[in-house]
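Only one structure is covered here, and it is reproduced in the block below.
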Amino acid sequence: MGLEFINMLPSPAEIRQQFPLPAGLASLKEQRDREIKDVLTGKSNKFLVIIGPCSADNEDAVLDYVSRLVPVQEKVKDQVIIIPRVYTNKPRTTGEGYKGLLHQPDPEKRPDMHEGLIAIRKMHMHVVQETGLTTADEMLYPENLRYLDDLMSYIAVGARSVENQQHRLVASGCDVPVGMKNPTSGDLSVMLNSVVAAQGSHEFIFRGWEVKTSGNPLTHTILRGAVNKHGQNLPNYHYEDLILLHELYRQRDLKNPACIVDANHSNSGKQYMEQVRIVKEVLHSRRHSPEIREMVKGVMIESYIEPGSQKIGEHCYGRSITDPCLGWNDSERLIYDIADGI
């Protein structure tokens, strides 16, 4: 058989028992979750800014970065809710390259999943403890959800996972917002079908159990651009794209029809500075159209301390080792512009 069984990994219950969430932080998360839920349901007019590194590869740098967000959040708290991206597992299109902290706690060493599970738990925990900001991560492996779901306030399902049955069904059992990205093809019906599935109740197999979910009414869409058959980027953040999505939402009986616009990936062609322009265009569309204003609840921005990206081993503190990111100075300025522009 082609599978080599290396180690029996600890269960989520064992990891959570080893690194429990203090009661005070659990209460903090409940409050943050309510505030974010109110944005998705339309009870609050605040705007979500999901921002942070493409991949959370270094705890010191990530904590440094998120700590910088804290005074900014205080200044914009009446307009914006900041959710730091702490992305600890990364999809790889070809299977090659850095797969995130879960796989490699040290990007320059061999994979170690046991240490990775501990590292991702500790990183999310330390961010919440030291900053008071609860986190966002990608659901790359649905069976790993329970290692972190008591810490996260936002979950994203990526473009390569959004058609997967297990991702959709597990999302239906989450208690926090789950954003479904459009697939790389750009087919909006695939994205919306995933929202329909995740908003419904299901029975299925999960981590060796037969489980039943109640459905997640906070599941929504994320527009991240697409790629055509020639490998060219097709942005989908423009006014016409948002109006189209609003109409497609109108045609379906979905709870809380909401959208987050991802300013990077195929929307920017991974030209990280373009995120500034894209966010401002989305804000302009919201000001122009009441329908878009009601539907677009936030933006997603890839940002770190230093701008751009680097190769593993170059050791530039606070610079992305995966996709290039907006640097801190431009990111801080953009958050203030968002607060002024909504």
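Derivation of every value follows stated rules applied to the coordinates shown; laboratory data play no part. What you see is a predicted model, and the numbers here were worked out from it, not measured in a lab. Cβ: placed from backbone, ideal geometry, glycine included. Neighbour counts: every protein chain shown.
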Each label point is 7 Å from the Cα along the Cα-to-Cβ direction; what then is the distance between the points at Glu314 and Lys122, in nm?
2.7 nm
Size of electric dipole in region 28-341: Cβ of Lys, Arg +1 and of Asp, Glu -1, about Cα centre, debye, nearest 20:
460 debye
Dipole magnitude of region 73-223 about its Cα centre, charges +1 at Lys/Arg Cβ and -1 at Asp/Glu Cβ only, in debye to the nearest 20?
160 debye
Total formal charge among the other residues, if their Cβ is under 15 angstrom from that of Glu115, Lys/Arg +1 and Asp/Glu -1
-1
Any idea which of Leu101, Gln79, Gly313 is furthest toward the positive side of the dipole for region 28-341, if Lys and Arg beta-carbons carry +1 and Asp and Glu beta-carbons -1?
Gln79
Along region 172-181, Karplus-curve 3J(HN,Hα) (6.51, -1.76, 1.60; θ = phi - 60°) to the nearest Hz, with x for Gly and Pro, reads 5, x, 7, 9, 10, x, 10, x, 9, 6
Specify whether the C-alpha gyration tensor of region 28-341 places it in the rounded, prolate or oblate class, a ≥ b ≥ c being the square roots of the eigenvalues: rounded for a/c under 1.5, otherwise prolate if a/b is larger than b/c and oblate if not.
rounded
For the Thr93, His288 Cβ pair and Förster radius 51 Å, calculated FRET efficiency rounded to 0.05 is 0.90
Pull out a ≥ b ≥ c, the square roots of the eigenvalues of the alpha-carbon gyration tensor of region 215-263, then state rounded if a/c is under 1.5, prolate if not and a/b is larger than b/c, and oblate in the remaining case.
prolate
Hits among lysines - C-alpha to C-alpha of Lys46 under 23 Å, sequence gap 8 or more where chains match
Lys29, Lys37, Lys75, Lys77, Lys181, Lys255, Lys280, Lys297
For Glu14 and Glu108 in the same chain, what is the full-extension length gain: residue separation times 0.36 nm, less their Cα-Cα distance, in nm?
31.1 nm
With labels modelled as points extended 7 Å from the Cα through the Cβ direction, what inter-label distance (nm, one decimal) is found for Ile205 paired with Ala23?
4.0 nm
Where a Cα-Cα gap under 13 Å defines reach, which aspartates and glutamates qualify for Lys90, not counting those fewer than 8 residues away within the same chain?
Asp57, Asp137, Glu138, Asp323
Restricting to Cα pairs under 8 Å and 6 or more apart, the percent relative contact order of the chain works out to 16 percent
Can you sort Ser285, Ser189, Ser303 from fewest to most other Cβ atoms within 10 Å of each residue's own Cβ?
Ser189, Ser285, Ser303
Need one number: % antiparallel among DSSP beta bridges in region 28-341, to the nearest 5.
20 percent
If you stretched the chain out fully between Ser44 and Arg277, how much longer would it get, using 0.36 nm times the residue separation minus the C-alpha to C-alpha distance?
81.3 nm
So, in nm, how far is label Arg146 from label Asn164 when the simple model puts each one 7 Å beyond its Cα toward the Cβ?
1.8 nm
Looking at Leu223, Ile292, Leu148, which one has the Cα that reaches farthest to the positive end of the dipole of the chain (charges on Cβ: Lys, Arg +1; Asp, Glu -1)?
Ile292
Please give the calculated 222 nm ellipticity per residue for the chain, where each DSSP H segment of at least 4 residues contributes -39500 (n - 2.57) and the sum is spread over every residue; nearest 500 deg cm²/dmol?
-12000 deg cm²/dmol
